[in-house]
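The values are calculated or read from the model by the stated rules, or taken from the named source; none is laboratory data. Computed from a predicted structure; not experimentally measured. We place every Cβ from the backbone using ideal geometry, glycine too, and count neighbours over all the protein chains shown. Accessible surface areas use protein heavy atoms only, side chains included; no ligands, DNA or RNA. Shrake-Rupley method; radii C 1.70, N 1.55, O 1.52, S 1.80 Å.
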Amino acid sequence: MLSRHLPEEMVTEILSRLPVKSLMRFRSVSKAWYALIRNPHFITKHHTFPISDHNGNHSRRVILERYRATIDTPRFSMHSNDTLEFSGDIHLIPQFFSEDINPVVFVGSCNGIVFVVGISSDRCHGGPEPDRAWEIGLLNPATRESKRLPFVPRPPDFCPMLFNFGFGIDLNTNDFKVVKIMYFDSPRHYQVEVYNLTTDSWRVIDASLNSAYFIATPYYPSYLNGFYYWLIRPVRSHRGHRLLLSFDMSNEMFREIMLPDDTRSLVGHIAIINDSVAVIFPAHGSNNVGFLLEYEIWVLNKSIVECSWTKLYTIGVPSRPLQFLDDGLIVLSGSHCDPQEKCLVLFDPRTRELKNLPIYDDGSEMFDLVSYRDSLVLVNGWRNVLEQQGTR
């Protein structure tokens, strides 16, 4: 055996550079290797390496969600990040969510953990416990480990009009947190609850959010470096300040940030592009090639004292962006593709190159996806991991 002939430090170094898929198999080699692969220091060390598998594929991957109009239950599959090469199905319904859940929404990912929300429209209307209309969970697709978050008991008259979610990690404690923002119409106010993975519990925080604002649900994942972001739009008027709302996962405080003044459109989205917070303002354009969707991309320059914005570029693409990947590439919906050749499209805004990504499918009409990185991070027993880490 390898560990009998090499020092323990060298074995650790070698194993830390292997893909998660290999390490999951190696847990059965010995009790020592099993303990090492679950060790918090090893998990952290492994997460810092840009690991590729034996085919040279990077450890970043996507989960693709597929819908058909004639089928109620969506299907989910895992793919490579850059070619969408199929790597396996993932069964969220009914193994993880109840059978009446539809739709399923991927809020985002952090350190290899995907935050996913399942909604039951039947339970939303007239159900005795409104909170049970939402099934919320954390999923590590690489290890297939998952966790359903607990329901919160509610009184019968607890009826929020809108929900918003955020997900990330407290960089001071390494604890994963979920933020739930609920809007009530009578009287008009917001209530904010935070879930901690280490305690597996929810609590209400004093957020003091302005009830005159409408907090828009991000279309793209919008967590970066300990902060989650939403767009704010005025409710009572089409005019007024357009704002970015940030939530600090460590001190659990909100902050308002002004958006660029010289953008042409009030409608926009947030995305994380090249490790920067970006806002995306759409405008329609055309050129001699044909009809394009045009987007202005602005990135946030953030400091302790003030924030400013820089226009990154303007892009024209033939179909709607589905996802902005970490390396700056954009996955497009592929609606302009030949209907007989179902595909998504990978667009490089630097070179303006379009690359068709074939999807071997049996008639899906709608797609959604979330990007994540393979990791060993645990969603069950994370408190024990952090306690072990603190004793070293």
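Considering only residues that are within 21 Å of K311 (Cβ to Cβ), at pLDDT 85 or above and not polar (S, T, N, Q), which ones fall in segment 233-255?
Hits for segment 233-255 are L243, L244.
Which of the residues spanning segment 103-146 are at pLDDT below 75 and either acidic (D, E) or within 28 Å of L224 (Cα to Cα) (or both)?
D122, E129, D131
In the list Y213, Y228, Y219, which residue meets the criterion of being modelled with pLDDT of 90 or more and out of contact with any helix residue (DSSP H, G or I) (no Cβ under 7 Å at 6 or more places or on another chain)?
Y228
Look through segment 284-305, keep the residues that are open to solvent by 40 Å² or more (accessible area, probe 1.4 Å) and at pLDDT 75 or above, and return whichever of them is farthest from F347 (Cα to Cα).
Per the criteria, the residue is K302.
In segment 306-319, how many are surrounded by 13 or more Cβ atoms within 10 Å (Cβ to Cβ) and part of a loop (DSSP other than H, G, I, E, B)?
2
Of the residues F42, F49, only one is aromatic (F, W, Y) and at pLDDT 75 or above; which?
When all the criteria are applied, what remains is F42.
Can you name the residue in segment 92-111 that is more than 15 Å from D170 (Cα to Cα) and among the small types (G, A, S) and is also most open to solvent (accessible area, probe 1.4 Å) among such residues?
My answer is S98.
Suppose we keep only residues that are in contact (Cβ under 8 Å) with a residue 60 or more places away in the chain and of a type in the set (F, W, Y) within segment 180-228. Which one would you say is most open to solvent (accessible area, probe 1.4 Å)?
Of everything passing the filter in segment 180-228, Y223 is most open to solvent (accessible area, probe 1.4 Å).
Might you check whether a residue that is of a type in the set (A, V, I, L, M, F, W, C), modelled with pLDDT under 85 and open to solvent by 40 Å² or more (accessible area, probe 1.4 Å) occurs anywhere in segment 325-344? Write out each step before concluding.
Going through segment 325-344, the residues of a type in the set (A, V, I, L, M, F, W, C) turn out to be 325, 329-332, 337, 343-344.
Okay, now just the ones that are also modelled with pLDDT under 85, so 325, 329, 337, 343-344.
Restricting the remaining residues to those that are open to solvent by 40 Å² or more (accessible area, probe 1.4 Å) gives none.
No: zero hits.
Residues in segment 175-196 that are modelled with pLDDT of 90 or more, over 19 Å from S109 (Cβ atoms) and in contact with a Ser or Thr (Cβ under 8 Å, 6 or more places away or on another chain): how many?
1
For (1) of a type in the set (A, V, I, L, M); (2) open to solvent by less than 40 Å² (accessible area, probe 1.4 Å); (3) closer than 18 Å to V377 by Cα, each residue gets a yes or a no:
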| position | (1), (2), (3) |
| --- | --- |
| E8 | no, no, no |
| L15 | yes, yes, yes |
| K21 | no, no, yes |
| F26 | no, no, yes |
| V29 | yes, no, no |
| F42 | no, yes, yes |
